[in-house]
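Below: one structure, written as structure tokens.
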Amino acid sequence: MHRLLSWCFSKKKSPPVYSADLNPTTRSLPEANKWILSEYILGKLIGIVGVHPYPLDELLLMCSTLAYFKPDMVIEWGTHYGKSARIFYEATTYLNLKTVIHTIDLPPTAEHCENIHNDSQRGLFIRNLPVIRHLGDGLTVARKIIAEVNPKLVLFFVDGDHSFASIRDELNGIKCMAPRAVVLVHDTFLQGSESGYNCGPYSAIKEFTAQHQLEYQATILGLPGMCLTYWL
Ligand SMILES: C[S@@+](CC[C@H](N)C(=O)[O-])C[C@H]1O[C@@H](n2cnc3c(N)ncnc32)[C@H](O)[C@@H]1O
């Protein structure tokens, strides 16, 4: 702990010890070193991205997923202000990963209730950073990237349209295009159907993981909620 704290307050950029147990044969569940990652999140990441829309447990899940699976590529949609893309950029840098990060959003002219139409605000958090930006439908663009580059292991971050049908189709599309994949879905905390909010992602990932008999892990007890699933 002393070593961690002194690292936190020092100017060194790289982590002092590795931050995940990397042996899936001895672990039934992903097991990252959450103490080290927590120090990093509190000492650095929060200062850049805050805790909105990703609260502490979700930041930890995003960082732990990177630390454990070490994907060679992240493909995420939608970019919006670029907070999730920035989190992936910062955390892969901290973990010394060579992960290439792609982020996709609809064109500024597209009609979508969450689309940012003002170009100066789009991707604000990833401006001038080596995050590759694309315009278009997330699943369609992801298919093209995978066909061109053939990465070994992609972490998909699904945070575009939040209807049940969209997410169901996106998850099934990912399953078809990627023989191995790690998937995080955002906004999966289930509120009552009367809220009219956040019901689609929860139902879609529950159905998808049940159909394919996949591991499913989720943050709990509050909004917005994030789920992890994977097939390797
Ligand atoms: C909740 S915001 C995402 C927040 C973002 N991940 C962040 O960290 O700032 C949803 C975004 O998804 C985009 N979107 C909706 N449908 C999409 C699709 N089919 N493909 C790509 N992006 C989509 C919207 O334009 C919007 O910018």
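Residue by residue through the range 204-216, note down the ones that are under 11 Å from VAL185 (Cβ atoms) and modelled with pLDDT under 95.
TYR216
Considering the range 67-96 alone, what residues qualify as being farther than 29 Å from SER120 by Cα and at pLDDT 95 or above?
PRO71, ASP72
For residues that are in a helix (DSSP H, G or I) and without any contact (Cβ under 8 Å) to a residue 12 or more places away in the chain, scanning just the range 156-214, find the one that is surrounded by the fewest Cβ atoms within 10 Å (Cβ to Cβ).
Taking the candidates together, the pick is GLU194.
Any residue at all in the range 74-93 that's more than 15 Å from the ligand (Cβ to nearest atom) and within 16 Å of GLY43 (Cα to Cα)?
Yes, that holds for at least one residue.
For the range 120-155, name all the residues that are without any contact (Cβ under 8 Å) to a residue 12 or more places away in the chain and within 12 Å of the ligand (Cβ to nearest atom).
Selection gives THR140 alone.
The values are calculated or read from the model by the stated rules, or taken from the named source; none is laboratory data. All figures in this text were calculated on a predicted structure; none of them were measured in a lab. Glycine also receives a Cβ, built like all others from the backbone with ideal geometry; neighbour counts cover every protein chain displayed.
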